[in-house]
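Below is one structure; the comments refer to it alone.
The values are calculated or read from the model by the stated rules, or taken from the named source; none is laboratory data. This structure is a prediction, so every number in the text was calculated from the model and none was measured. Positions of Cβ are backbone-derived with ideal geometry, glycine not excepted, and every protein chain shown enters the neighbour counts.
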Amino acid sequence: MIVLVALFYFFYFALIGVHIIFVPKILSMGGMSSMEIGVILACAPLVRFAIPFLFLRGFKLDSRTFYTSLSLMTIGAAGFYPSLEHFWALLGVNILFGIGIALVLPYVEVIALERIGGERYGKIRLFGSLGFIAVALLLVRWLTSSQVGIGFLIAMAVGTLIFGGIVGSLHRKHPSAQEEDATFNPLPHLPLWIGFFLMQVSFGPFYNFFTIYATDHGISLESTVWLWGFGVAAEILMFYFQGPLLRRNLWHILQLTAFITAVRWLMVDLFPTSLPLLFLSQTFHAFSFALFHTAAISVLFSLYSARRLSQQFFFGISYGLGGFVGALGGGVLYQYTPDYLFAGSALAALGAGVAFRAYTPKPLASHE
């Protein structure tokens, strides 16, 4: 099971890598404006936000839903190919793609945490980072046309479909004892959820516009891909060695990573043409993504009995709603005030740090 989960992470995050790094550039090369790119890319995270509320109305994130989401993700990825030159068609297939990825990852994350444990989780999750960096370094040399980039997107979706399907099948034979009938209520921990939301708002401009931003400031596409890869390398190191850190106060880790992220975005804003300082800023990805992500899902795994639903809402509120606001806001900022794109990110990350600081931790054994 561990090897199969690792392979799932490899292909899933390779798929995300193509979508994040190259799809914005492909759309820009095709003549889409920054606003249009922002709207297209914002719809997927908006779907990720909306979907968890369906599960409060009786839907269940069970094996049937998981297999359906894998299929929708693959169909959505394939739909990019005939839709490249059409705004509304692209919007539609990206929504379909967003529905798929919104449901796939939370299902596997709970399996990983239950079967591997929080401290060992990072050593398996780092295979996702390896997939992300591998496809980035490979595709930058092969991206001769939009069709090649979308071909990679489809191939990674098929790999995710295959290994996700195998993981889901094995999990059905050996299900966990954890029931998902427990109630879920984010309101008693509202500052915590506000922090999750703002943290991903700060990442919106980075995920959707960093490639365009860097190349517009004179950084070559190849160097920009190396910047992405350098950040992922730092992320991999953190995933591998973070186990002892997670024995410490997780609330303090959330605060620290948010404030480090604010410094990171401020560096990108102030020094967009300095390749050494951009590389330095990317080292902070170890904290602002890897350590933050594991601390966040570990807190929720211990805080709520409805574990799949809490992870679903984490991805929905943070990567979903936060990603939507960040992508759309990034498109507006880069269209009208491009010099303040990452200043906006820094303010959002600072707000996340303040929210985590204001939160009064509840006992992790409360299982609400």
Residue within the range 83-93 that is modelled with pLDDT of 85 or more, touching a Gly at 6+ places or on another chain (Cβ under 7 Å) and within 22 Å of Ser169 (Cβ to Cβ) present: no
Subset of the range 282-330 [under 28 Å from Tyr213 (Cβ atoms), in contact (Cβ under 8 Å) with a residue 60 or more places away in the chain and among the hydroxyl-bearing types (Ser, Thr, Tyr)]: Ser288, Thr294, Ser318, Tyr319
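Table: residues versus (1) under 19 Å from Gly164 (Cβ atoms); (2) in a helix (DSSP H, G or I).
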position: Ile26; (1), (2): no, yes
position: Met32; (1), (2): no, no
position: Val39; (1), (2): no, yes
position: Phe53; (1), (2): no, yes
position: Thr74; (1), (2): yes, yes
position: Leu90; (1), (2): no, yes
position: Asn94; (1), (2): no, yes
Of the criteria (1) surrounded by fewer than 19 Cβ atoms within 10 Å (Cβ to Cβ); (2) of a type outside the set (D, E, K, R); (3) touching a residue at least 40 places away in the same chain (Cβ under 8 Å), which one Pro276 fails: (3)
Qualifying positions in the range 240-298 - under 17 Å from Trp228 (Cα atoms), in a helix (DSSP H, G or I) and hydroxyl-bearing (Ser, Thr, Tyr): Thr261, Ser281, Thr283, Ser288
Test for Arg64: is it of a type in the set (Lys, Arg), in a helix (DSSP H, G or I) and more than 30 Å from Thr224 (Cβ to Cβ): yes
Condition met for Leu198 (under 16 Å from Val354 (Cβ atoms) and of a type outside the set (S, T, N, Q)): yes
Breaking point among (1) crowded, with 24+ Cβ neighbours inside 10 Å; (2) of a type outside the set (Phe, Trp, Tyr); (3) touching a Phe, Trp or Tyr at 6+ places or on another chain (Cβ under 7 Å), for Ser288: (3)
Close pairs from the range 149-176: first farther than 22 Å from Ser83 by Cβ and surrounded by fewer than 15 Cβ atoms within 10 Å (Cβ to Cβ), partner β-branched (Val, Ile, Thr) and modelled with pLDDT under 90, Cβ under 9 Å, at least 6 apart: Ser176/Val110; Ser176/Ile111
Any hit, the range 224-235, residues being surrounded by fewer than 24 Cβ atoms within 10 Å (Cβ to Cβ) and outside any helix (DSSP H, G or I): no
